[in-house]
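Engineer: Sharing a structure, written as structure tokens. Questions coming.
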Amino acid sequence: MTSTAGTYLILTRHLIVAEDLAQILAQHDPTGAVLRARDPEAAAALLDGAARVSLAFLADAHGQEGWDEALAMVEARGARVVLIPRDDDPAPKDTARFTVLERPFTTEMVLAVLASLAPRHGKAAGRESGQEAGQG
């Protein structure tokens, strides 16, 4: 178990996916803050006072209203982005920019992504994002 006191954002309309990720993040970082939003407007409200976000799990909603703004908002706060593929399009676009968490995912898969994005590690687990850990 790691204790990094990070701030994590989960942006997905799927309540069960959000709850599963929140539980895994809480176990991974018991002192961290896990923020959950179902849409970009709710995410903006949650992040209004946050100076930094460690990691953001975003449901792939390219092209939908507010998605680009939500992405820019978390990236401006230093977040690394983990993309969650859509049900109707399991091959997300723009994977060179993001780590992708395949669905359905397991606790072990999420923990592997978290470990891969830790500054001391190199390559990302799962589907490689094309970025080295530690790069923005």
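Values in this text are rule-based calculations from the coordinates and carry no lab data. These numbers were taken from a predicted model, which means no experiment stands behind them.
Engineer: Can you list the HN-Hα couplings for the stretch 23-29, worked out from phi with the Karplus curve (6.51, -1.76, 1.60; θ = phi - 60°), rounded to whole Hz and with x for Gly and Pro?
Structural biologist: 5, 5, 5, 5, 6, 5, 9
Engineer: Let me ask another. At q = 0.23 Å⁻¹, what log₁₀ I(q)/I(0) does a Debye calculation on the Cα points of the stretch 37-112 give, no solvent, two decimals?
Structural biologist: Evaluating at q = 0.23 Å⁻¹ gives log10 I(q)/I(0) of -1.15.
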